[in-house]
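Visitor: This is the structure I want to talk about, given as structure tokens.
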Amino acid sequence: MTAAYHHGDLRHMLLYAATQQLERSGPAGLSLRAIAREVGVSPAAPYAHFPDKESLLAAIATGGFSLLRDACVSAAESSGGDPKALGRAYIGFALAHPHLYRLMFGGSIENFAGHPELDGASQAAFGFLRLNLAGAPDAASAAWAFVHGLAMLLIDRRLRPDDGDIHRLIDRLLQRFDPGRRRTPDSASLGL
């Protein structure tokens, strides 16, 4: 038994090692055996904290949602609640942690609802967005769909800035998006 396990922080060490491994190789590359080896414990030791790989992935994703929420809270506080600052924080998080972001929103965790902490952390992150984008019906959902789609396009390099400045591109696109704006069609746009 290692000193780390004896002192009771093996779970945190495993999560840290797993998160580092995730950032290097994505969710498919995670191995409980490799993580145990990296931390210096027996291959069976991680199972005392995580019954299976999905439980480990859920714990990592739970931490990811907490980090995402913290980034959005910080952006809201420093900007006075500017929705564009929230969008920048959200997309910035996704770009800084692409594998973690994919884990949080991808299909690697099949039984998402079976992990109450994960479900709670994801609801808290979206709840903060909903609270700060109150107004038009579905404004928070529209904003989330927009920034999520933009983040995925940028992560996958399907959307690239013409001038090479990704931050300027993000700002330009966020300027164009306003989930609360109501457009009244005029006769020309209706083809009349």
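Visitor: Among the residues of segment 76-104 satisfying the criterion of being of a type outside the set (K, R) and open to solvent by 60 Å² or more (accessible area, probe 1.4 Å), which is nearest to G63 (Cα to Cα)? Break it down into steps so the answer makes sense when it comes.
Guide: Taking segment 76-104 as the starting set, the residues that turn out to be of a type outside the set (K, R) are 76-83, 85-87, 89-101, 103-104.
When the remaining residues are screened for being open to solvent by 60 Å² or more (accessible area, probe 1.4 Å), the result is 77-78, 80, 83, 96.
Working: E77: 21, S78: 23, G80: 25, P83: 23, A96: 15 Å.
Looking at the filtered set, the residue picked out is A96.
Visitor: When both residues are 6+ apart or on different chains and their Cβ atoms are under 9 Å apart, which pairs have a first residue that lies in segment 8-29 and is under 13 Å from G64 (Cα atoms) and free of Cβ contacts under 8 Å to residues at least 40 places away in the same chain, and a second that is of a type outside the set (S, T, Y) and surrounded by 13 or more Cβ atoms within 10 Å (Cβ to Cβ)?
Guide: Y16/V39; Q20/E38
Visitor: Considering only segment 79-123, how many residues are under 15 Å from V147 (Cβ atoms) and of a type in the set (D, E)?
Guide: Matching residues across segment 79-123 total 1.
Conditions (1) among the hydrophobic types (A, V, I, L, M, F, W, C); (2) within 18 Å of the chain's Cα centre (by Cα), marked per residue:
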| site | (1), (2) |
| --- | --- |
| D119 | no, yes |
| A124 | yes, yes |
| G127 | no, yes |
| R130 | no, yes |
| A139 | yes, no |
| A142 | yes, yes |
| H148 | no, yes |
| M152 | yes, yes |
| R168 | no, no |
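Residue-wise test of (1) within 20 Å of H167 (Cα to Cα); (2) modelled with pLDDT under 90; (3) touching a helix residue (DSSP H, G or I) at 6+ places or on another chain (Cβ under 6 Å).
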position: A71; (1), (2), (3): yes, no, yes
position: S78; (1), (2), (3): yes, no, no
position: A85; (1), (2), (3): yes, no, yes
position: A89; (1), (2), (3): yes, no, yes
position: G92; (1), (2), (3): yes, no, no
position: L118; (1), (2), (3): no, no, yes
position: L131; (1), (2), (3): no, yes, no
position: A139; (1), (2), (3): no, yes, no
position: A142; (1), (2), (3): no, yes, no
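Visitor: If I filter segment 11-44 down to residues being assigned to a loop (DSSP other than H, G, I, E, B) and either crowded, with 18+ Cβ neighbours inside 10 Å or among the aliphatic types (A, V, I, L, M) (or both), which single residue comes out as modelled with the lowest pLDDT?
Guide: So the first thing to find is which residues in segment 11-44 are assigned to a loop (DSSP other than H, G, I, E, B), and the list is 26, 30-31, 40-44.
Applying the additional criterion that residues be either crowded, with 18+ Cβ neighbours inside 10 Å or among the aliphatic types (A, V, I, L, M) (or both) yields 30, 41, 44.
Values: L30: 88, V41: 94, A44: 93.
This residue is L30.
Visitor: Related question: For segment 96-124, which residues satisfy the criterion of being within 21 Å of L153 (Cα to Cα) and touching a residue at least 40 places away in the same chain (Cβ under 8 Å)?
Guide: Applying the first criterion (within 21 Å of L153 (Cα to Cα)) to segment 96-124 yields 96-108.
If the condition is that a residue be within 21 Å of L153 (Cα to Cα) and touching a residue at least 40 places away in the same chain (Cβ under 8 Å), then H97, P98, H99, L100, Y101, R102, L103, M104, F105, G106, S108 are the ones that fit.
The values are calculated or read from the model by the stated rules, or taken from the named source; none is laboratory data. As the structure is a prediction and not an experimental result, all values here were calculated from the model. Every residue, glycine as well, gets a Cβ built from its backbone with ideal geometry; the counts of neighbours run over all protein chains shown. Side chains included, ligands, DNA and RNA excluded: accessible areas come from the protein's heavy atoms. Shrake-Rupley method; radii C 1.70, N 1.55, O 1.52, S 1.80 Å.
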